[in-house]
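Laboratory data are not the source of any read-out in this text; all were calculated from the coordinates shown. Since this is a predicted model, take the numbers as computed values, not measurements. Note that each Cβ is placed from the backbone with ideal geometry, even for glycine, and that neighbours are counted across all protein chains shown.
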Amino acid sequence: MHEVAQVQPKTGQGRLQDLGPNERRALLVGTYQGDPGECLKLLDELASLGSTYGLETVLKLPCPIRKYEAATFIGTGKVEEIRQICIDQHCDVVVFDDEISPQQQRNLEKLIERVVVDRTELILGVFAQRAKTREAKIQIELANYRYQMPRLKRLWSHLHRQRSGGASGGAVKGEGEKQIELDKRIIRAHIERLQKDLAMIRKQRQTQRRLRERTQIPTFAIIGYTNAGKSTLMRALTDADVLVEDKLFATLDPTTRKYVLPNRQAILLIDTVGFIRKTPHQLVAAFRSTLEEAMQADILLHVIDVSHPQAIEQAEATLAVLKELGSEKHPMITLLNKIDQCQNRSMIHKLRVRFPKTVEISALESRGFDDLTDQMLKEISALRKVLHLRVPQSHYVLVSEIMKEGKVLCCEYEENDILLEVEVPHHWERKVSHFVIP
């Protein structure tokens, strides 16, 4: 008789979820070539990610690497050292700060005899815990399926231990591989369904965006590194009921609120998911629709935690994600947040040199908001342009459109022409270029 276990394929964060409440002790492993300083900083961030997920960091282990091993990522000597540390310190899981291949993951688990995950899987686990809206849940599920697809062989490794017996005297071959192929087809079907669901949500977003454009309300997207204070700023400005928590990725779902500037100019503020260094490509791809919604905003508010020792590196990580989204040249105001907690004035100077339009604020204490709103008004003015036009009365339809889309400052009639001084969005300049008076 041949026994084959009939279980469902473990997709999503099955490995981390399998850890019991008393199996949360983690050993964190980072690698470096040269100076270990950056590796230690990233391990501190990995510890914060682990804490957010619910892991207890037992030890952070920076490993110098001359070359990366194809089979185990790190050398066999380090693997044995990690295995012994896990035994001595009673560690339940080993978390690598780098992305490791499915084959390396399988080999490491076999040698260390512990659950092994990488930075990407941990981040996906945190996101899976914190997704609230239907869109965020779909995006996380999609990212999880894509991440787990090449790792199905590990999840079905128990099928290699099939027993043979009876008169046949031989083993059935290929049952595990057949199950893997079946699971892959199931996962591909799930991915296709999720992509269709996201496409429908994206259409709804486009419809909402067009309605906003008709109202001519400027939009500001609040972006920045995770835990930089974006949600605190949103709450301070709009009294929005958004989660404010001292944890990485406390807010995943975008929130949009109306805010009225001192000159009674109404705007929309969009709070977005935080960025992080070494952002997994699966997450950028999965959250593209949400991030694109923010990128369609007129102006970006880039929040930087100036009290953080790695403020510059965090700011650069945010810009790297913007570049991946093709939005690095978007109009932007840089907010140097937590100014009340910053002890290093040279950090502020460096950031002011790096970013031309900066405002010092404390979102928690509502400090610097007058300077912020002044800068926001300047950016809104820069979005529109004053033009002098001579439009033939035969083109009065165009004049009607201008009145709807822009603001008429002056209107006179001269013979068969209409002389206009108008304030219109920048994209209108090309549309009326034939009627512009030099």
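May I ask you to work out the translational diffusion coefficient for region 311-356 at 10 °C, viscosity 1.306 mPa s, via Stokes-Einstein with Rh from the Kirkwood sum over Cα pairs, reported in whole µm²/s?
136 µm²/s
Based on the Kirkwood radius over alpha-carbon pairs, what value in µm²/s does the Stokes-Einstein equation return for the translational diffusion coefficient of region 14-131 at 25 °C and 0.890 mPa s?
D = 173 µm²/s.
Could you give the nm distance between label points at GLU421 and LYS357, where each point is 7 Å from its Cα heading toward the beta carbon?
2.5 nm
For VAL408, VAL422, VAL95, what ranking results if the residue with the fewest other Cβ atoms within 10 Å of its Cβ goes first?
With the fewest neighbours first, VAL408, VAL422, VAL95 line up as VAL408, VAL422, VAL95.
Which value, in debye to the nearest 20, gives the size of the charge dipole of region 384-435 about its Cα centre, when Lys and Arg are +1 and Asp and Glu are -1 at the Cβ?
On the way: 7 positive and 9 negative charges, 66 e Å.
That gives a dipole near 320 debye.
Under Stokes-Einstein, with the Kirkwood radius over Cα pairs standing in for Rh, what whole-number D in µm²/s applies to region 290-438 at 20 °C and 1.002 mPa s? Could you put the intermediate results ahead of the total?
Details: Rh = 18.2 Å.
Result for D is 118 µm²/s.
What lysines does LYS431 reach when the alpha-carbon gap must be under 19 Å and sequence neighbours fewer than 8 apart in one chain are set aside?
Correct list for LYS431: LYS385, LYS404, LYS407.
Sticking with the crude label model, points 7 Å out along Cα→Cβ, report the distance from HIS190 to LYS278 in nm, one decimal please.
Simple spin-label model gives 2.6 nm for this pair.
Which Rg and Dmax, in Å, describe the Cα atoms of region 366-438?
15.5, 56
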